[in-house]
Each structure stands twice: as C-alpha cells, then as structure tokens.
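J.: After the structure tokens below, expect a handful of questions from me.
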C-alpha cells in the first residue's frame, strides 16, 4: 500500500474579470507512482532539451502529445496516476462570489469543487493525503483560509488532508503538469477545440463544467 497521496493543483485563467473562463486542474499520484513519473519527465526534458517550465502555452503540439504519453504509460502498467479538471464559463456561471467580485472566495470554491469531483471518481490510495497548489496567495492569511476551507465542513465529500501547501511551480515539476492539464482544458472548451490531440486527452483526464 502506498504511504502517501499527492495532489498537484494549478489554474488557468483569472478568478476575477480578466478572462471569460476559469479552470483548475490536478494530477493525483502516490509516493510510488511519483518516482516513476519523475523518471519519464526527466527523460522528456533531457531528450527534448527543455530548460524552461513546462507551461502549457510554451509547449508545442508534439511536446503536449509527449506529456500525454507520459500519463498513459503508468496507466497501462497499473501504476496509480489520475487527473481531473473543472472549468467555469463565466458567461454561464450562476454561482456565488464571481459577480460579487470576491476572487479569493471564488478561487477557493472552485478548488474545492474540483476536489469533490475528483474524489467522487477516485479513492485515496493511502491514509496520508498532501495537496500542493501552485502559489496563488502571497498572504499567509489567505493561505490559512484556503487550508481551513478545504478541511472544514466537508460533509463526507472530501477526505482529511494531512497537508495543504502552496509552492512555486518553477521548482515543482508536477505543478507544471497540472498547468498543462488546465491549459489543455482551455484549448478544448475555449480557444482551439479543433485540435486533434484533445480527444485523446479526455480519455485520461476527467473534466466537469461548473455552472453554480
């Protein structure tokens, strides 16, 4: 049995008014599958001569397909890797906080809805679950509010999280993969729905639209 679950979370778009969409994606691994994925990501960087962050908007079509292949390999070998994303079309959203111009509340709500959606489909693989979120709050107070919000009043929809932390994606490779997931969802539902690799992507990443 794995000793710990890791969930890496990143966003695309703005939780305020700067974009007409907001997307949050995650990749879920265990301490065992994390080792395997890191080997593949290291090879991807080395042979692709990639020195910068794996930000979705910087990747070529071929590089995006190669990352999808990295996700596919562990699944075919019965190694635990799951990915999910939720998105909001702000023109259609009827829920709280967006119109009230409370971006921090809105971001926290959508992260929580992502986790509820993900755990409705996937069970934790261990008794210790760690969430790592790409740094979105510079305020320690806001980070504490997010942590408390994700732990309190879950109504059995969420497991207990041992750690909920923020980190800089520049030194956390799997946060960059979470950014890739969010970026591909943006392409699929907002910017480039005609791209051929998007259909294959949806076989490995579960996606839900949040309306309220």
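J.: So which strands (runs of 3 or more DSSP E) are wholly in the stretch 1-113 and hold at least 2 residues that are more than 28 Å from residue 125 (Cβ to Cβ) and touching a residue at least 60 places away in the same chain (Cβ under 8 Å)?
T.: Details: elements: 5-13, 21-30, 81-89.
Hits in the stretch 1-113: 21-30, 81-89.
J.: Can you tell me which condition residue 114 does not meet? The list is (1) closer than 20 Å to residue 145 by Cβ; (2) in contact with a helix residue (DSSP H, G or I) (Cβ under 9 Å, 6 or more places away or on another chain); (3) surrounded by 13 or more Cβ atoms within 10 Å (Cβ to Cβ), and all the others hold.
T.: (2)
J.: Quick check on my filter: what residues within the stretch 188-204 are in contact with a helix residue (DSSP H, G or I) (Cβ under 6 Å, 6 or more places away or on another chain) and either free of Cβ contacts under 8 Å to residues at least 12 places away in the same chain or crowded, with 19+ Cβ neighbours inside 10 Å (or both)?
T.: Answer for the stretch 188-204, where residues must be in contact with a helix residue (DSSP H, G or I) (Cβ under 6 Å, 6 or more places away or on another chain) and either free of Cβ contacts under 8 Å to residues at least 12 places away in the same chain or crowded, with 19+ Cβ neighbours inside 10 Å (or both): 188, 201.
J.: List, please: which pairs have Cβ atoms under 7 Å, are six or more places apart or on different chains, and start with a residue in the stretch 141-158 that is at positive phi and modelled with pLDDT of 90 or more and end with one that is surrounded by 16 or more Cβ atoms within 10 Å (Cβ to Cβ) and assigned to a helix (DSSP H, G or I)?
T.: Within 7 Å, no pair qualifies.
The values are calculated or read from the model by the stated rules, or taken from the named source; none is laboratory data. These numbers come from a predicted model, not from an experiment. Backbone-built Cβ (ideal geometry, glycine too); neighbour counts: all protein chains shown.
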